[in-house]
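Read through the structure below, which is laid out as C-alpha cells, and then see the notes.
The values are calculated or read from the model by the stated rules, or taken from the named source; none is laboratory data. Predicted, not measured: the structure shown is a model, and the values here were computed from it. For neighbour counting, all protein chains shown are included, and Cβ atoms are generated from backbone atoms with ideal geometry for every residue, glycine included. The accessibility values were calculated without ligands, DNA or RNA, using every heavy atom of the protein model including side chains. Shrake-Rupley method; radii C 1.70, N 1.55, O 1.52, S 1.80 Å.
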Amino acid sequence: MDERTFAVEKEDAGVRIDTYLAAAEEGLSRSQVQKLLEQGQVDVGGKKVKQNYKIKPGDLIHLTMPEPVEMTLLPEPIELDILYEDEDVIVINKPKGMVVHPAAGHGTGTLVNALLYHCAGQLSGINGVLRPGIVHRIDKDTSGVLVAAKSDAAHRGLAEQLARHAMKRRYVAAVMGNVKEETLTIDRPLGRSPKDRKKIAIVPGGKRAVTHITVLSHLGGYCIVEAQLETGRTHQIRVHMASIGHPLLGDTVYGPQKQPFALHGQALHAKVLGFTHPITGQYLEFEAPLPEELERLFFLLRQKA
C-alpha cells in the first residue's frame, strides 16, 4: 500500500474532499476517490469523513492508495509529423485531439505510444515509464510543435532551458472580442481554482505566469493574436486571455458554453519553438504550419470582418 498526506492550504478551503483529491492526485478520478472514501482509505486527522466533507485550512488528509495495476505501454504505428530528428531529440507537430502521454482514460493513441514505436524505445527515462521522452506538454486540443528527448542527457538540458524560461514558445490563437491594445503583457499568478479543482484560475499567491500578447488581426468581433510564453503554466494562455475578457474561440472550459463556428476545442496552435540543442549547443527553431481547421476558421473570420 502507498500512503500519501496532503496539507490543505487556505486557497483550497471549502472544496469537497473528493474534488480536492481527484485534482491533487494525478490518475485518480472523482469516482475512484469516492470509492476509497467508502472503503475507509481516506481520513482527515485520523477521522473518517464522507465524500461531501468540505476541507479546512490546516487539515491533514491521509490517503492510502491500493497497489497500482501495472500499465503496459504499447508502441503503436501512429503516423507522426516530424519536423526534426537526431539521436538526441525529436521535434513533432502534434495534431489536435492527440493526448501527449497516457493518463486515466487515455492508455492508447497518445504521442508517447507513437514515439515508442517510431523511436524503437530509444527515449529518455527521466520522467518514468508513463512519460518516456516527454519534456513539456501541450493540451489535447492544442496543435503544434513540441520537442521530446531521446537521451537522458538531452532531457536534462531541455528541462533546464524550460526551468529558466530560455525556450522560445510562440502560439497563435483566435479570441473573442476586440482587444484594444496592440501589444500587452499579462502577469497574473495561476493556481488550481478554489471553486473547481479541475480548472486553473487567477489565484493570489499562485505561481507567477507571464504571457506577452500581440494582436495580429482585428476581425469584427474577434481577434487573431500571437501569445509568447515567458512562463509555461497549465492552461496559461487560455486562462490569461479569459481573465481580460477575451476567451479563446472554442474554449468551453474558460469561455462561454455556446460557441460559434462548430470548433472542437480551443483555437490555439503552438506555432514556433526555439531552443539550444542540449548536446551540440546549436540554436534550433521550428515552425509548425496551421492545421486545416484553424486555416478554415481564420478564412471565415476574415470573410465576416
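Residue count for the range 223-280 under the criterion of being within 23 Å of Asp81 (Cα to Cα) and part of a helix (DSSP H, G or I): the result is 0. Looking across His269, His264, one residue alone is more than 16 Å from the chain's Cα centre (by Cα) and closer than 23 Å to Val100 by Cα. It is His264. Residue check: His101 meets all listed conditions (1) farther than 30 Å from Tyr283 by Cα; (2) at pLDDT below 90 but one, namely (1). Here the condition is being closer than 14 Å to Arg197 by Cβ, at pLDDT 90 or above and touching a helix residue (DSSP H, G or I) at 6+ places or on another chain (Cβ under 8 Å); of Val15, Val42, Val8, it holds for Val8 alone. Tell me whether the range 71-79 contains one or more residues that are within 30 Å of Pro289 (Cβ to Cβ), surrounded by fewer than 14 Cβ atoms within 10 Å (Cβ to Cβ) and modelled with pLDDT of 90 or more. Looking through the range 71-79, at least one residue is within 30 Å of Pro289 (Cβ to Cβ), surrounded by fewer than 14 Cβ atoms within 10 Å (Cβ to Cβ) and modelled with pLDDT of 90 or more. Do we find that His106 is free of Cβ contacts under 8 Å to residues at least 60 places away in the same chain and either open to solvent by less than 40 Å² (accessible area, probe 1.4 Å) or within 19 Å of the chain's Cα centre (by Cα) (or both) in this structure? Yes; evaluated as a whole, the condition is true for this residue. Residue count for the range 281-305, restricted to those that are closer than 29 Å to Ile200 by Cα and assigned to a strand (DSSP E or B): 2. Tell me, please, whether a residue that is open to solvent by less than 60 Å² (accessible area, probe 1.4 Å), at positive phi, at pLDDT below 95 and not charged (D, E, K, R) can be found in the range 253-262. So far as the range 253-262 goes, yes, one or more of its residues are open to solvent by less than 60 Å² (accessible area, probe 1.4 Å), at positive phi, at pLDDT below 95 and not charged (D, E, K, R).
Cβ separations smaller than 7 Å between residues 6+ apart or across chains give the following pairs from the range 250-269 residues that are over 14 Å from Lys199 (Cβ atoms) to residues that are of a type in the set (Lys, Arg) and part of a loop (DSSP other than H, G, I, E, B): Gly265/Lys96. For the range 271-299, a tally of residues being open to solvent by less than 70 Å² (accessible area, probe 1.4 Å) and closer than 17 Å to Cys223 by Cα returns 5. Cβ separations smaller than 7 Å between residues 6+ apart or across chains give the following pairs from the range 224-247 residues that are under 14 Å from Leu190 (Cβ atoms) to residues that are open to solvent by 20 Å² or more (accessible area, probe 1.4 Å) and in a helix (DSSP H, G or I): Gly232/Leu162.
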